[in-house]
Structures are given as C-alpha cells and as structure tokens.
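Following: one structure in structure tokens, then a few remarks.
The values are calculated or read from the model by the stated rules, or taken from the named source; none is laboratory data. These numbers come from a predicted model, not from an experiment. Methodologically, a virtual Cβ is constructed for each residue, glycine included, from the backbone with ideal geometry; neighbour enumeration extends over all protein chains shown.
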Amino acid sequence: MKLGIIGLPNVGKSTLFNAITNAKAEIANYPFCTIEPNTGVALVPDERLDVLDEMYAAKKLTRTAIEFVDIAGLVEGASQGKGLGNKFLSHVREVDAIVHVVRCFVDDDIIHVNDDVCPARDVDTINTELILSDLDMLERRIEKTTKALKADAKYQKELDFLQKLREFLSSGSAARSFVCDEEQAEFLAASNLLSAKPVLFVANFSEDDFRNGIDDNRYFEEICLVAEAENAIVIPTSAKLEEEISQLSKEEKKFFLEDMNLRESGLETLIKTSYVTLGLISFLTAGPQEVRAWTIKKGTSAQSAAGKIHSDMEKGFIKAEIINYSDLIACGGMAKAKEKGLVRLEGKGYVMQDGDVVLFRFNV
Ligand SMILES: Nc1nc2c(ncn2[C@@H]2O[C@H](COP(=O)(O)OP(=O)(O)O)[C@@H](O)[C@H]2O)c(=O)[nH]1
Ligand SMILES: [Mg+2]
C-alpha cells in the first residue's frame, strides 16, 4: 500500500515526507528539487500496541507500516508534458491513494509558482492536470472499446460507462466523485484513473499560524470548502514544525506536544488518517514473545487474515480465537476475558474488525 504525496512545487511536500519517514529527501527552495521519487516507510502509530506490550511484558513490539512516495511538484500543463509532466503523472498512477499538500503559509522568500497563496486555485491546478490526463486515457480506451464492441456485444455496457465518465470529467469533476452502480464501480476500479484515487488534503501552515491556532484562518476555511466538495478530509499541519518534532526524543516530543496543547503530532494524525483513507484496518496478535499489528483491507475474512501471518495458517485454518481490544482491556486481561466468555471462536468466513486480538488455530 502506497501513498503519493503530491502538490505544486514549493508547498512543503519534501519537508512533510522527511518528517514522516525521517528520511533525507533533498530539500531546497527550488521548484524541481525532487526529481526521482523518494519512497519511505512510516510506522503506523497505535497506542493499543503499547498497552498490550505492557500487559504481556512482551519481548518484542512490532508495528505495521505504510509507504509514502514524495512525488515531485506538478505544474500547470503537466498533462501536456510541461515541467516533468508525464513522469510525475506516471508516479501518481503507481500509488493507491493521494496525499495532496496545499500551501497555506506565506513566505516571500519561497517562490510560489502561482505567485500568491490561494489554496482553492492551487488544488484546482493539480486536479485539472489529473483530470486532463485521465481524459486522454479515457479517449484511448473508448476507441479500443468501440472496436471491441464490433466483435462482441458484451462491451456495450463498458462503452456506455466510459462515455458517461468522459462527460463527467469534461465538466471538471474528478472520477472519484462519479456516482456508480456496482458494475460501474468495477469498471472504474479497473480503469486506474488518477482522479479516481482516494485523496486527503494536508494544509501546510507556517509554524506561527499553526501554533496560534488556525480555526479562523481564511486559508483553512478555503481548503475545507474545497475538500468538502470532494468529500475528503483536511489535516492541518506545519510541515516545518513536524520536521522539527520528528527529530526529538520520545520524552522531548511529549513535552513539546503538551506545551502546544496537542494530543499527538499532526503527522501521527496524518499517518492514521491515511491508513483509513486506504481502507485499511489492523488486527493484533499478543503474547509474551511478541505484540504485533497486522494490516488488512477492511472486509478481509479470518482465513485470509491468517494468511498475512503465514500461508500455512491460511491453508490449515481451523478457527480463530478472537476478542476485540476494547473488551480485552475492559476485562483487564485474557484470563478474565475467557472467564467471562468474551473470547469468541470464529470460523474462516468471519469478517475481521479493527482491533481484533486474534489467536489462529490451524493444522499443518
Ligand atoms: N515558511 C515556511 N516554509 C516552509 C514550510 N514548509 C516548507 N517550507 C519551505 O519551503 C521550501 C520548499 O519546501 P519543500 O518541502 O522542498 O517543498 P516541495 O517542493 O513541495 O517538496 C523549503 O525552503 C522549505 O523549508 C512552512 O510551513 N513554512
Ligand atoms: Mg520536493
């Protein structure tokens, strides 16, 4: 699972990426600094693991992770090959979801490709390029499907869908907002259109604005309106501040966040929200050897979930012993939970829930 960080040049993408992954993407006040995409791995924060770790006095704690790709800035005309146009777009095509960074900080020393700070216009610039690129692709697909239809009538539905979608995109809307029936949803999923990918917005504020609170900030209001229209979430942050926080020790960080009246850093919120945007959940395994989180797609069955741990567990699946984390904690431990009959035996078709603490029974 990969998230691509996109946005105009100089909006703070690489700064955010560095904060997320603590990696060293090149940062400079230069629009095309990040030419090759940088990929980094971020651990998914999950306090439940820390609690379980303590409960079991486990030898090892293993978090789960997601991948972030720092994609170089898109510019107007990218779909026509401007800037590093097509290259950028092909990087976007490879990710599962998009983190769209929008500049909400004013700094005359840092070039803004569109001259001034204006979140709505900037988002529109990027969206337009994604949509234009999608329209190009749709055009080619419509041509192909029209030919295929001559040989086989089964392509009629697909062609109708593609034409409807073309009309929709031509009006400036992103494919993700297209209202689909089940069959159309399958066509759409297979299309791999850029504007169909799930998106979340990161509003990047100056350190001062962020510290002082951005509730009345006009840029924040502006980006929230844009996001609302796309049914997307906005995460306010200050990439620069996050980068500083990411270099602190655990204790320093806690102190720092308390000082700012924050429960967690914007980054932690971002990683967690990204996880949800990707449609991912975690199940947990816990014992004295290891406490661990495992990533699965929402809707995964117990048997497939077992396969995440080991293919033998999936093949030889018998039952899953499951208790949800919150029930386990409410009971104060596994022994009490069993006594109360709260540990359930579930079969292979059980749909896993976020926070399920699981022990798989299997045959080899
Ligand atoms: N004043 C200010 N500068 C920032 C902020 N975030 C990033 N920058 C600066 O903007 C420039 C471009 O940042 P970078 O992360 O490389 O942008 P990218 O082109 O989107 O990857 C760098 O000089 C950063 O230090 C911010 O929140 N406030
Ligand atoms: Mg960059």
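Here is how the numbers come out for the structure above:
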| item | result |
| --- | --- |
| Index of the failed condition, G81 passing every other in (1) at pLDDT 90 or above; (2) more than 14 Å from ligand 1 (Cβ to nearest atom) | (1) |
| Total residues in region 198-219, condition buried (at least 21 other Cβ atoms within 10 Å of the Cβ) and in contact (Cβ under 8 Å) with a residue 60 or more places away in the chain | 8 |
| Matching entry among V51, V102, V95 (being among the β-branched types (V, I, T), closer than 21 Å to T269 by Cα and assigned to a loop (DSSP other than H, G, I, E, B)) | V95 |
| Filter result for L132 (touching a helix residue (DSSP H, G or I) at 6+ places or on another chain (Cβ under 6 Å) and farther than 23 Å from V226 by Cα) | no |
| Some residue of region 233-250 being away from ligand 1 (no atom under 16 Å from the Cβ) and touching a Ser or Thr at 6+ places or on another chain (Cβ under 9 Å) | yes |
| Boolean, L159 is in contact with a Phe, Trp or Tyr (Cβ under 9 Å, 6 or more places away or on another chain) and over 23 Å from K13 (Cα atoms) | no |
| Boolean, D50 is within 30 Å of A330 (Cα to Cα) and either modelled with pLDDT of 90 or more or among the charged types (D, E, K, R) (or both) | yes |
| Close pairs (7 angstrom Cβ cut-off, 6 or more residues apart or separate chains): of a type in the set (F, W, Y) in region 57-71, outside any strand (DSSP E or B) anywhere | F68/F17; F68/I20; F68/T21 |
| Unmet criterion (only one of (1) within 26 Å of I235 (Cα to Cα); (2) in a helix (DSSP H, G or I)) for V75 | (2) |
| Matching residues in region 277-302 - criterion: being hydrophobic (A, V, I, L, M, F, W, C), farther than 24 Å from G349 by Cβ and modelled with pLDDT under 90 | none |
| Selection from region 321-352 of residues that are under 22 Å from T295 (Cβ atoms), β-branched (V, I, T) and without any contact (Cβ under 8 Å) to a residue 60 or more places away in the chain | I322, I323, V351 |
| Qualifying residues in region 1-32 (those that are of a type in the set (S, T, Y) and at pLDDT below 90) - the one nearest to the chain's Cα centre (by Cα) | T21 |
| Qualifying residue in region 267-280 (condition: farther than 17 Å from V102 by Cβ, β-branched (V, I, T) and within 14 Å of ligand 1 (Cβ to nearest atom)) | no |
| K272 being under 24 Å from the mean Cα position of the chain (by Cα) and basic (K, R) | yes |
| Residue in region 185-197 that is surrounded by 14 or more Cβ atoms within 10 Å (Cβ to Cβ), in contact with a strand residue (DSSP E or B) (Cβ under 6 Å, 6 or more places away or on another chain) and not in a helix (DSSP H, G or I) present | yes |
